[in-house]
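Structure, as structure tokens:
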Amino acid sequence: MSISKALEHLGVSVVVTKDEAVIQTADAAVLPGVGAFYDAMKEIEHLRDIIRGLGDKPLLGVCLGLQLLFSESEEGGRNPGLDILGGRIIRFQGDVKVPHMGWNTVENTGGSKLLRGIEDRSYFYFVHSYYAVPEDDNIVTGRTDYGVKFPSIVEKDNIYATQFHPEKSGTIGLKLLENYVEIVKESM
């Protein structure tokens with residue numbers, strides 16, 4: 001299931017677009033992500049100011065969408081990101097199989113709005129080779145262990161992001177998306 005289909009399943013009206021005017025008038029935004037950092041940044045470069053200028057409107061980044069929110073990534077060389085969140089994206093090292101693919105637990109490190117009503121250390125579905133190293137560890141509200149404890153959820157002001165795919169994480173993932181929808185409603 002795609003992120004748009006999952007949100008529609010929850011009764012949300014979804015518009016998939018790169019149109020600046022549509023994004024500016026939306027109640028919230030989702031920055032999904034599948035693919036390579038550099039290519040994705042080329043696709044959304046013209047939206048950088050729009051995304052950065054959402055104000056108090058909630059923004060949910062998913063997988064690569066989380067990574068794009070950071071200052072830079074080492075994927076494919078050193079590439080600038082949206083720089084909404086300070087930090088960088090680095091590749092998994094050591095003896096772990098890359099990509100990190102499959103089910104893994106998320107530890108609620110405290111205060112996560114996305115994890116409201118979700119049991120600590122619930123399983124979510126991951127597919128990624130890189131992870132975030134934030135400048136400010138206080139934005140990390142969920143961690144996952146895969147050779148290193150990496151941020152699997154970050155939350156700062158109106159920015160929410162998951163390294164995993166909630167839309168591929170069954171009923172727990174749908175609950176997380178319901179929480180995001182509630183965050184959007186609370187912001188209106």
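The values are calculated or read from the model by the stated rules, or taken from the named source; none is laboratory data. Quantities reported herein were computed from a predicted structural model and do not represent experimental measurements. Please note: Cβ atoms are built from the backbone with ideal geometry, for glycine as well, and neighbour counts cover all protein chains shown.
Per-residue answers, yes or no, for (1) free of Cβ contacts under 8 Å to residues at least 60 places away in the same chain; (2) of a type in the set (Asp, Glu); (3) assigned to a loop (DSSP other than H, G, I, E, B):
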position	(1), (2), (3)
LEU66	no, no, no
LEU82	yes, no, yes
ILE89	yes, no, no
ASP95	yes, yes, yes
LYS113	no, no, yes
GLU119	yes, yes, yes
ASN138	yes, no, no
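Go through (1) of a type outside the set (D, E, K, R); (2) touching a Ser or Thr at 6+ places or on another chain (Cβ under 7 Å); (3) in a strand (DSSP E or B) for TRP103 and report which single condition fails.
The one condition TRP103 does not meet is (2).
Starting from region 36-57, keep only residues that are in contact (Cβ under 8 Å) with a residue 60 or more places away in the chain and under 16 Å from PHE70 (Cβ atoms), then list their pairs with residues that are β-branched (Val, Ile, Thr) and not in a helix (DSSP H, G or I) whose Cβ atoms are within a distance under 9 Å, requiring at least 6 positions of separation or different chains.
Listed by first residue and then by second, the contacts come to PHE37/ILE89.
Every residue in region 1-33 that is within 19 Å of ARG48 (Cα to Cα), in contact (Cβ under 8 Å) with a residue 12 or more places away in the chain and not in a loop (DSSP other than H, G, I, E, B), please.
First, the residues of region 1-33 that are within 19 Å of ARG48 (Cα to Cα): 15-33.
Imposing the further condition that a residue be in contact (Cβ under 8 Å) with a residue 12 or more places away in the chain reduces the set to 16, 18, 20, 23-24, 26-33.
Listed by number, the residues that qualify are GLU20, ILE23, GLN24, ALA29, VAL30, LEU31.
If you go through region 145-164, how many residues are assigned to a strand (DSSP E or B) and more than 15 Å from ILE89 (Cβ to Cβ)?
Applying the first criterion (assigned to a strand (DSSP E or B)) to region 145-164 yields 145, 149-156, 159-162.
Right, trim to more than 15 Å from ILE89 (Cβ to Cβ) and you get 145, 149, 153, 155-156, 159-160.
The qualifying residues number 7.
Which of the residues that make up region 97-107 are without any contact (Cβ under 8 Å) to a residue 40 or more places away in the chain and of a type in the set (Val, Ile, Thr)?
VAL98
Limited to region 1-52, what total is found for residues that are among the small types (Gly, Ala, Ser) and surrounded by 14 or more Cβ atoms within 10 Å (Cβ to Cβ)?
So the count comes out to 9.
State all residues of region 50-64 that are in contact with a helix residue (DSSP H, G or I) (Cβ under 9 Å, 6 or more places away or on another chain), over 19 Å from GLN163 (Cα atoms) and part of a helix (DSSP H, G or I); if no residue qualifies, say none.
So in region 50-64, the residues in contact with a helix residue (DSSP H, G or I) (Cβ under 9 Å, 6 or more places away or on another chain) come out as 50-51, 53-54, 56-62, 64.
Filter again for over 19 Å from GLN163 (Cα atoms), leaving 50, 53-54, 56-57.
Matches in region 50-64: ILE50 only.
Here are the criteria: (1) in contact with a Pro (Cβ under 8 Å, 6 or more places away or on another chain); (2) within 25 Å of ALA6 (Cβ to Cβ). Tell me which single one PRO134 does not satisfy.
(2)
With respect to VAL62, determine if the residue is of a type in the set (A, V, I, L, M, F, W, C) and surrounded by fewer than 13 Cβ atoms within 10 Å (Cβ to Cβ).
On the way: of a type in the set (A, V, I, L, M, F, W, C): yes; surrounded by fewer than 13 Cβ atoms within 10 Å (Cβ to Cβ): no.
No: the conditions fail for VAL62.
Just to be sure before I move on: is GLU167 closer than 23 Å to SER4 by Cβ and either hydroxyl-bearing (Ser, Thr, Tyr) or in a helix (DSSP H, G or I) (or both) in the structure I sent?
On the way: closer than 23 Å to SER4 by Cβ: yes; either hydroxyl-bearing (Ser, Thr, Tyr) or in a helix (DSSP H, G or I) (or both): yes.
Criteria met by GLU167.
Any residue at all in region 103-115 that's closer than 16 Å to PRO32 by Cβ, small (Gly, Ala, Ser) and modelled with pLDDT of 95 or more? Talk me through it step by step, then tell me what you get.
Applying the first criterion (closer than 16 Å to PRO32 by Cβ) to region 103-115 yields 114.
Those left that are additionally small (Gly, Ala, Ser): none.
Looking through region 103-115, none of the residues is closer than 16 Å to PRO32 by Cβ, small (Gly, Ala, Ser) and modelled with pLDDT of 95 or more.
Looking only at region 98-141, filter to residues that are in contact with an Asp or Glu (Cβ under 8 Å, 6 or more places away or on another chain) and of a type in the set (S, T, N, Q); which one of those is surrounded by the most Cβ atoms within 10 Å (Cβ to Cβ)?
For region 98-141, the residue satisfying everything is THR141.
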